[in-house]
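Trainee: The following block contains the structure, expressed as structure tokens.
The values are calculated or read from the model by the stated rules, or taken from the named source; none is laboratory data. Computed from a prediction, not measured in an experiment: that's the story for all the values here. Cβ placement follows ideal geometry from the backbone for every residue including glycine, while neighbour counts extend to all protein chains displayed. Ligands, DNA and RNA are stripped out before the accessible areas are found, and what is left, the full protein with its side chains, is counted by its heavy atoms. Shrake-Rupley method; radii C 1.70, N 1.55, O 1.52, S 1.80 Å.
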Amino acid sequence: MGRIALLNRLMSQKTTTRNLFQFGKVKGDTGKYEQIVSTGQVSPERFVPEEIEKPAYYFKNMPPGNTLGSPEIKTQDQIDAMRLSGRLAARILRECGKLATVGITTDQIDAFAHERILESKAYPSPLRYAGFPKSICTSINNIACHGIPDDRQLADGDIINIDVTVFLNGYHGDCSKTFRVGDVDERGGFLVEATKSCLDQCISLCGPGVEFNEIGKFIDRYCDEHDLASIAAFIGHGIGSYFHGPPEILHYYNEIPGKMQPGMTFTIEPILSLGGAEIAVLQDGWTAISLDGARSAQFEHTILITETGTEILTRDQ
């Protein structure tokens with residue numbers, strides 16, 4: 001679940017209409033898909049038993065974590081704990097992906113994830129984080145990120161990002177993946193595969209002594225080569241006993257100094273668009289949609305910098 005770095009502007013939308021367009025004027029995205037223009041009905045908050053360990057923000061309203069400052073260097077005990085939370089997040093994400101089929105609602109996927117996380121004696125990190133009302137994020141088609149699960153049924157041809165974060169034994173594990181629903185058109189399939197490849201190559205760049213800005217520089221080149229746009233408003237972040245912390249991982253060209261060191265843990269989570277990079281946020285305060293209606297895809301892993309390279313903590317076993 002990404003941290004918001006900036007918001008280009010806010011959008012007010014009260015209509016519940018969803019329109020199907022054959023896009024011809026949107027830069028880069030000429031495929032056939034269902035454009036999301038508003039949120040659906042959101043069910044009540046799901047119950048969390050008393051015995052489940054909860055983060056501090058469950059008990060009181062707190063702002064998002066501060067991502068500025070010096071990154072934490074994890075101890076071996078902390079790393080071992082994060083391996084467990086990362087593996088759990090990856091497993092829940094894989095199981096949720098199997099539910100991403102025509103006719104199922106995103107609220108049903110959220111309900112499934114919620115129960116599976118609780119069964120694992122963990123807490124669904126997004127729930128109540130800065131007021132977020134659900135246990136996962138589900139972002140469809142032209143929703144860039146932070147979509148709130150609701151009563152909308154998945155349609156044939158949708159692409160959906162499912163973002164899962166769990167809080168287990170005091171540590172968070174965060175990952176996401178974009179899934180295809182039914183028969184996705186060629187442009188949508190290209191977008192999904194290109195975004196996955198972008199993340200994989202970003203991770204391969206990382207290691208001790210590497211500048212954090214190498215990630216953003218690579219994404220900038222990659223987007224130019226593939227005629228895509230990186231949605232710069234959302235960034236990767238440090239993670240541990242906190243959901244969001246330093247370092248900030250910028251998914252665009254930058255010269256901000258800072259080097260990776262063994263023991264650092266952070267997410268990389270590029271959002272790539274077939275159209276432009278501008279977004280707006282709906283009245284729920286969370287759902288970020290593309291201003292031009294173009295689709296985007298996102299993939300995310302939590303990684304650890306080791307003495308010799310990297311370890312993906314959210315790799316599915």
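Trainee: What are the residues in segment 210-269 that are polar (S, T, N, Q), within 25 Å of residue 166 (Cβ to Cβ) and open to solvent by 10 Å² or more (accessible area, probe 1.4 Å), if any?
Mentor: 241
Trainee: Check residue 58 against each of (1) at pLDDT 65 or above; (2) more than 21 Å from the chain's Cα centre (by Cα) and name the one condition it does not meet.
Mentor: If we test residue 58 against (1) at pLDDT 65 or above; (2) more than 21 Å from the chain's Cα centre (by Cα), just (2) comes out false.
Trainee: If you don't mind, there's one more thing I want to ask. Condition first: in contact with a Leu (Cβ under 9 Å, 6 or more places away or on another chain), open to solvent by 30 Å² or more (accessible area, probe 1.4 Å) and within 20 Å of residue 302 (Cα to Cα). Can you find one or more residues in segment 56-78 that meet it?
Mentor: The answer is no; no qualifying residue exists.
Trainee: Okay, next question. All but one of (1) among the charged types (D, E, K, R); (2) in contact with a helix residue (DSSP H, G or I) (Cβ under 8 Å, 6 or more places away or on another chain); (3) open to solvent by 20 Å² or more (accessible area, probe 1.4 Å); (4) within 20 Å of residue 139 (Cα to Cα) hold for residue 284; state the number of the condition that does not hold.
Mentor: Unmet condition: (2).
Trainee: Just to be sure before I move on: is residue 158 farther than 30 Å from residue 56 by Cα, of a type outside the set (Ser, Thr, Tyr) and either free of Cβ contacts under 8 Å to residues at least 24 places away in the same chain or touching a Phe, Trp or Tyr at 6+ places or on another chain (Cβ under 9 Å) (or both) in the structure I sent?
Mentor: The answer is yes for residue 158.
Trainee: Output the residue which, of all residues in segment 171-198 that are in contact with an Asp or Glu (Cβ under 7 Å, 6 or more places away or on another chain) and not basic (Lys, Arg), is farthest from residue 82 (Cα to Cα).
Mentor: Here the residue is 183.
Trainee: Confirm whether residue 198 is within 13 Å of residue 273 (Cβ to Cβ) and in contact with a Phe, Trp or Tyr (Cβ under 7 Å, 6 or more places away or on another chain).
Mentor: Yes, satisfied.
Trainee: Next question, about the same structure. Being surrounded by 13 or more Cβ atoms within 10 Å (Cβ to Cβ), in contact (Cβ under 8 Å) with a residue 24 or more places away in the chain and either in contact with a Cys (Cβ under 9 Å, 6 or more places away or on another chain) or outside any helix (DSSP H, G or I) (or both) is the requirement here; does residue 90 meet it?
Mentor: Working: surrounded by 13 or more Cβ atoms within 10 Å (Cβ to Cβ): yes; in contact (Cβ under 8 Å) with a residue 24 or more places away in the chain: yes; either in contact with a Cys (Cβ under 9 Å, 6 or more places away or on another chain) or outside any helix (DSSP H, G or I) (or both): yes.
It is true that residue 90 is surrounded by 13 or more Cβ atoms within 10 Å (Cβ to Cβ), in contact (Cβ under 8 Å) with a residue 24 or more places away in the chain and either in contact with a Cys (Cβ under 9 Å, 6 or more places away or on another chain) or outside any helix (DSSP H, G or I) (or both).
Trainee: A further question follows. Only one of these is open to solvent by less than 10 Å² (accessible area, probe 1.4 Å), over 14 Å from the mean Cα position of the chain (by Cα) and either of a type outside the set (Asp, Glu) or under 30 Å from residue 76 (Cα atoms) (or both): 272, 191, 199, 205. Name it. Reasoning before the result, please.
Mentor: Values: 272 fails: over 14 Å from the mean Cα position of the chain (by Cα); 199 fails: over 14 Å from the mean Cα position of the chain (by Cα); 205 fails: open to solvent by less than 10 Å² (accessible area, probe 1.4 Å).
Among 272, 191, 199, 205, only 191 is open to solvent by less than 10 Å² (accessible area, probe 1.4 Å), over 14 Å from the mean Cα position of the chain (by Cα) and either of a type outside the set (Asp, Glu) or under 30 Å from residue 76 (Cα atoms) (or both).
Trainee: Yes or no: residue 167 surrounded by fewer than 24 Cβ atoms within 10 Å (Cβ to Cβ) and assigned to a strand (DSSP E or B)? Before you say what the answer is, go through the steps one by one.
Mentor: Numbers: surrounded by fewer than 24 Cβ atoms within 10 Å (Cβ to Cβ): no; assigned to a strand (DSSP E or B): yes.
Criteria not met by residue 167.
Quick grid of which residues meet (1) assigned to a loop (DSSP other than H, G, I, E, B); (2) not basic (Lys, Arg):
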site	(1), (2)
95	no, yes
98	no, no
112	no, yes
127	yes, yes
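Trainee: Oh, and also: Kindly indicate which of 134, 177 is open to solvent by 20 Å² or more (accessible area, probe 1.4 Å), in contact (Cβ under 8 Å) with a residue 24 or more places away in the chain and of a type in the set (Lys, Arg).
Mentor: After applying the criteria, what remains is 177.
Trainee: Tell me the residue from 103, 97 that is of a type outside the set (D, E, K, R), at pLDDT 95 or above, open to solvent by 10 Å² or more (accessible area, probe 1.4 Å) and more than 16 Å from the chain's Cα centre (by Cα), please. Before you say what the answer is, go through the steps one by one.
Mentor: Working: 97 fails: more than 16 Å from the chain's Cα centre (by Cα).
Unique residue meeting the criteria: 103.
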